[in-house]
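Chemist: This is the structure I want to talk about, given as C-alpha cells.
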Amino acid sequence: MKITRKEEFIVLKDNKNNLVDFAERITENYSDYRNDNVIVDLLNYENFDIKDALLFLEISNIHRAEKKSFVIVNSNISIDVIPDELIVVPSLLEAGDIIKMEDLERELGF
C-alpha cells in the first residue's frame, strides 16, 4: 500500500492490484490513519463495481463515526448504485473538495 500524506488528508493507493487484500490491509492498519481524513485511490480499477465498493463499507462507517472523512476515488462506477454510507467520486481533486466541505461542516457543528 502506498501512503501519501497531504496537509488535509492522506491518500491510500493499492500497489499490488488486489482489491480484496487492499481493503483488508486498510482495515488492519486502521490505527495508522485513524486521526486523518482518508482518500482511497482506486482509479486503476477499471472494472470497479458495487461489490468492490462494499469491501470498504465497514471501515468507512468506522472512520466516519470517528468524525473523519473517508472518500473512495473511482471513475468507472455509477453513482446511482453507491449506498449513501459510502462516498465515491471520480477524481482526486473532487475527493479533496469533499474533505474540505466535510471539515467545514464539522467545524460548524453539522
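Chemist: When you check ARG34 against the structure, is it among the basic types (Lys, Arg), out of contact with any strand residue (DSSP E or B) (no Cβ under 8 Å at 6 or more places or on another chain) and within 30 Å of GLY109 (Cα to Cα), yes or no? If you could, list the steps in order and put the result at the bottom.
Modeler: Numbers: among the basic types (Lys, Arg): yes; out of contact with any strand residue (DSSP E or B) (no Cβ under 8 Å at 6 or more places or on another chain): yes; within 30 Å of GLY109 (Cα to Cα): yes.
Yes, satisfied.
Chemist: How many residues are out of contact with any Phe, Trp or Tyr (no Cβ under 9 Å at 6 or more places or on another chain), farther than 15 Å from ASP84 by Cα and buried (at least 16 other Cβ atoms within 10 Å of the Cβ) when one looks only at the stretch 45-71?
Modeler: 2
Chemist: With the stretch 18-110 as the region, which strands (runs of 3 or more DSSP E) entirely inside it contain at least 2 residues that are touching a residue at least 40 places away in the same chain (Cβ under 8 Å) and in contact with a helix residue (DSSP H, G or I) (Cβ under 9 Å, 6 or more places away or on another chain)? First the steps, then the outcome.
Modeler: Numbers: elements: 38-41, 70-73, 87-89.
Output list reads 38-41.
Chemist: If we keep just the residues of the stretch 1-13 that are touching a strand residue (DSSP E or B) at 6+ places or on another chain (Cβ under 8 Å) and part of a loop (DSSP other than H, G, I, E, B), which is modelled with the highest pLDDT?
Modeler: So, considering only residues that are touching a strand residue (DSSP E or B) at 6+ places or on another chain (Cβ under 8 Å) and part of a loop (DSSP other than H, G, I, E, B), the one modelled with the highest pLDDT is PHE9.
Chemist: Taking the stretch 33-44 only, how many residues are of a type in the set (D, E, K, R) and surrounded by 14 or more Cβ atoms within 10 Å (Cβ to Cβ)? Don't jump to the end; show me each part of the working.
Modeler: Within the stretch 33-44, the subset of a type in the set (D, E, K, R) is 34, 36, 41.
Adding the requirement that they be surrounded by 14 or more Cβ atoms within 10 Å (Cβ to Cβ) leaves 36, 41.
Counting residues in the stretch 33-44 that are of a type in the set (D, E, K, R) and surrounded by 14 or more Cβ atoms within 10 Å (Cβ to Cβ) gives 2.
The values are calculated or read from the model by the stated rules, or taken from the named source; none is laboratory data. Every value quoted in this text rests on a predicted model; they were computed, and no experiment measured them. Here the Cβ is made from the backbone with ideal geometry for all residues, glycine too, and neighbour counts use every protein chain on show.
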